[in-house]
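Below is one structure, written out as structure tokens, with a few remarks after it.
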Amino acid sequence: MEKKVVFTGGNGRFAEAIKKIQNSYKIFYPNKKELNILSEKNIENYLRKIRPKILVHMAGLSRPMKQHEDNIHRSIDLNIVGTANIVKVCSRMNIKVIYLSSGYVYQGKKGDYKETDAILPWNNYGWSKLGGEASVQMYRNSLIIRANISQSPFLHNRAFSNVKINFLYHDEAAKIIFKLINKKGIINLGGESNSIYKFAKKTNPKVKKLSLKNNKYPKKLTMNLKKLNKLLKV
Ligand SMILES: NC(=O)c1ccc[n+]([C@@H]2O[C@H](COP(=O)([O-])OP(=O)(O)OC[C@H]3O[C@@H](n4cnc5c(N)ncnc54)[C@H](OP(=O)(O)O)[C@@H]3O)[C@@H](O)[C@H]2O)c1
């Protein structure tokens, strides 16, 4: 029998890439009316109907980042409270939770961050994702994926040439998600280490160089991918 998997945030940008990947699971992509992460009751009703073994939690508030500074209520509700609601229901029903977190939970000052390194977000988006991680960490039947991912083609007209990150495009990351589905703990997910400008050039050849002049934002956002690469080899 095929294993049932529910992906929350089924109409989101990353979910669109995941829908294109062939796999051996029976997948459900509820919209926010069918599964509203702000209501424990609603989550439970939906999951009782489907009875999945795994829930991949991608619903929430992501880009643009500025909305997490401008409206902290919405950011707290969707990314922290919403994730806690998911974990509470899934732990009662013994459903594994896979949480899409972000590389923005790291401080971004030294780069090459390992899963075991200290975490210290530098913006509210990072704090909201770390807030979500807190309840997932308390539930042992879980996996946290700290992802550096971006849309293809690169969205902006300008990109920093002096900020390093190891982004993956959505379609590349989507393929890897299915290979990690049976893992637990924390795994960094990203791609080749590059400046944002070099990465952007791959899918947006007209992108212009921009230099980050001040020290208000971190410049070394790369994550260490040894654990990921080891897991993908076996
Ligand atoms: N994009 C990135 O670069 C990136 C990087 C690392 C991690 N992530 C994480 O990956 C996940 C997906 O990112 P994304 O960029 O694909 O996000 P997205 O496009 O903003 O999608 C978020 C989804 O959540 C849904 N949603 C909003 N409120 C909801 C509610 N109350 N109940 C249920 N669903 C609700 C949205 O539905 P509506 O559209 O109908 O509002 C949308 O389908 C997020 O958790 C994000 O933090 C993203």
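The values are calculated or read from the model by the stated rules, or taken from the named source; none is laboratory data. Keep in mind it's a predicted model, so treat the numbers as computed, not measured. Here the Cβ is made from the backbone with ideal geometry for all residues, glycine too, and neighbour counts use every protein chain on show. Surface accessibility is based on the protein's heavy atoms, side chains included, excluding ligands, DNA and RNA. Shrake-Rupley method; radii C 1.70, N 1.55, O 1.52, S 1.80 Å.
What the table shows:
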item: Dipole axis of region 90-142 (+1 Lys, Arg; -1 Asp, Glu on Cβ), positive-most option in GLN137, SER102, ALA118; result: GLN137
item: Pairwise label distance in nanometres, LYS183 with LEU120, each label 7 Å out on the Cα-Cβ vector; result: 2.7
item: Candidates ASN214, ASN224, ASN157: whichever shows maximal mean-square fluctuation once the chain is modelled as a Gaussian network with Cα springs under 10 Å; result: ASN214
item: Per residue accessible area in Å² of region 78-195, where ligands, DNA and RNA are left out and the probe is 1.4 Å; result: 41
item: Gained length - ASN45 relative to ARG92, 0.36 nm times residue gap less alpha-carbon distance; result: 15.6 nm
item: Long-range HN-HN contacts of ILE144 with modeled amide H, under 5 Å; result: TYR99, GLY185, ILE186, ILE187
item: Helix-only mean residue ellipticity at 222 nm for the chain, each DSSP H run of n ≥ 4 adding -39500 (n - 2.57), per residue, nearest 500; result: -9500 deg cm²/dmol
item: Cα-centred dipole magnitude for the chain, charges only on beta-carbon of K, R (+1) and D, E (-1), debye, nearest 20; result: 580
item: Helix axis angle, 124-138 relative to the chain longest principal axis, alpha carbon, degrees; result: 40
item: In Hz, Karplus ³J(HN,Hα) per residue of region 11-25 (6.51, -1.76, 1.60; θ = phi - 60°; x = Gly, Pro); result: 9, x, 5, 5, 4, 4, 6, 5, 4, 8, 8, 5, 7, 9, 9
item: Contour excess over end-to-end distance, with Cα ends at LYS33 and LYS109 and 0.36 nm allotted per residue; result: 23.4 nm
item: Most mobile of ILE86, ILE187, ILE196 in a GNM of the chain (Cα contacts under 10 Å); result: ILE196
item: Rounded if a/c under 1.5, otherwise prolate or oblate - region 189-234, Cα gyration tensor axes; result: oblate
item: Cβ-placed point charges (K, R +1; D, E -1), dipole of region 177-234 about Cα centre in debye, nearest 20; result: 140
item: Percentage, to the nearest whole number, of Cα pairs in region 156-234 over 16 Å apart; result: 57
item: Largest to smallest principal axis extent of the C-alpha atoms in region 1-157, angstrom; result: 46, 33, 31
item: Pair ASN162, LYS202: separation of 7 Å Cα→Cβ label points (nm); result: 2.5
item: HN-Hα J in Hz across region 84-93 - Karplus 6.51, -1.76, 1.60, θ = phi - 60°, x for Gly and Pro; result: 4, 4, 4, 5, 4, 5, 5, 5, 5, 9
item: Rounded percent of accessible protein surface that carbon and sulfur make up, the chain, 1.4 Å probe; result: 52
item: Extension gain, LYS219 back to ARG74 (0.36 nm per residue minus Cα-Cα distance, nm); result: 49.5 nm
